[in-house]
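Working notes for the structure below.
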Amino acid sequence: MHPEPEVATDDATPPAADEATALLTRTASGDQRAFSDLYDLIAPRMLGLVRHVLKDHAQSEEVVQEVLLEVWQTASRFDPNKGKAVTWMLTMAHRRAIDRVRSAQASRDRDTKIGIRDLGRDVDTVSETVEISIEHKRVEKAMARLSDLQRQAVELAYYGGYTQSEVAEMLNIPLGTVKTRLRDGLIRLRTELGVAS
């Protein structure tokens, strides 16, 4: 005897929707194989929906990955009495795609506002150059008032970018001596430049 062939019922729910609900229910209990099958079932359709909203294929793939991760993490929240699994997942994807569009638009709006705000500022490069030149001369005069030993230590440490240990090694003097010369030199510079300590 051969089994009776299954007769199609007049059910409005397509088989994929029933399968998605069953797979999502198993996924909620931590069934990784069920999630893998659910992924294969829903990902192409979800990608099509998201790409329709975002237009950009790479961003669409990123959103689909985010949504499917969320599906894995929140599958237990799905209530089959409130709707179909496919609808639940595609609604999540659509919302996430809309959020991405809104976020991108907000970012563009911020950039535009900042660009417009900064556009109105005229920079007086001549006066800026003059100020830098005056400051440079003040520092040169102050440096000239340091002792030769202080100036040598300050130039190596601050202009040369060497550490105190490297300065001590280069000058073949103890580290404590370098620290003293730097400290005294900086105190003298602050005084010469009129900087409050």
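The values are calculated or read from the model by the stated rules, or taken from the named source; none is laboratory data. None of these values were measured; they are calculated from a predicted model. Heads up, the Cβs are rebuilt from the backbone with ideal geometry, glycines too, and the neighbour counts pull from every protein chain shown. Each accessible area value is taken on the protein alone, full model and side chains, heavy atoms only, with ligands, DNA and RNA left out. Shrake-Rupley method; radii C 1.70, N 1.55, O 1.52, S 1.80 Å.
Work out the P(r) tail for the chain: percent of alpha carbon pairs separated by more than 22 Å, whole number. The answer is 70 percent, as a whole percent.
Taking 0.36 nm per residue of sequence separation and subtracting the Cα-Cα distance, how much length would be gained by fully extending the chain between Gln164 and Gln73, in nm to one decimal? Kindly include the intermediate steps, with their values, before the conclusion.
On the way: separation 91, 0.36 × 91 = 32.76 nm, distance 5.37 nm.
Stretched out fully, the Gln164 to Gln73 stretch lengthens by 27.4 nm.
When Lys and Arg each count +1 and Asp and Glu each count -1, what net charge do the other residues less than 13 Å away from Phe78, Cβ to Cβ, add up to?
Working: positive: Arg26, Arg77, Lys82, Lys84; negative: Glu70, Asp79.
Neighbour charge sum, excluding Phe78 itself: +2.
What a 1.4 Å probe finds exposed on the chain is 53% carbon and sulfur by accessible area, rounded to a whole percent.
For segment 72-94, backbone nitrogen atoms closer than 17 Å to the point 7 Å from Arg45 Cα along Cα-to-C-beta are found at 72, 78-94.
Listed by chain and number, the lysines placed with their C-alpha closer than 28 angstrom to that of Lys113 are Lys55; residues fewer than eight positions away on the same chain are left out.
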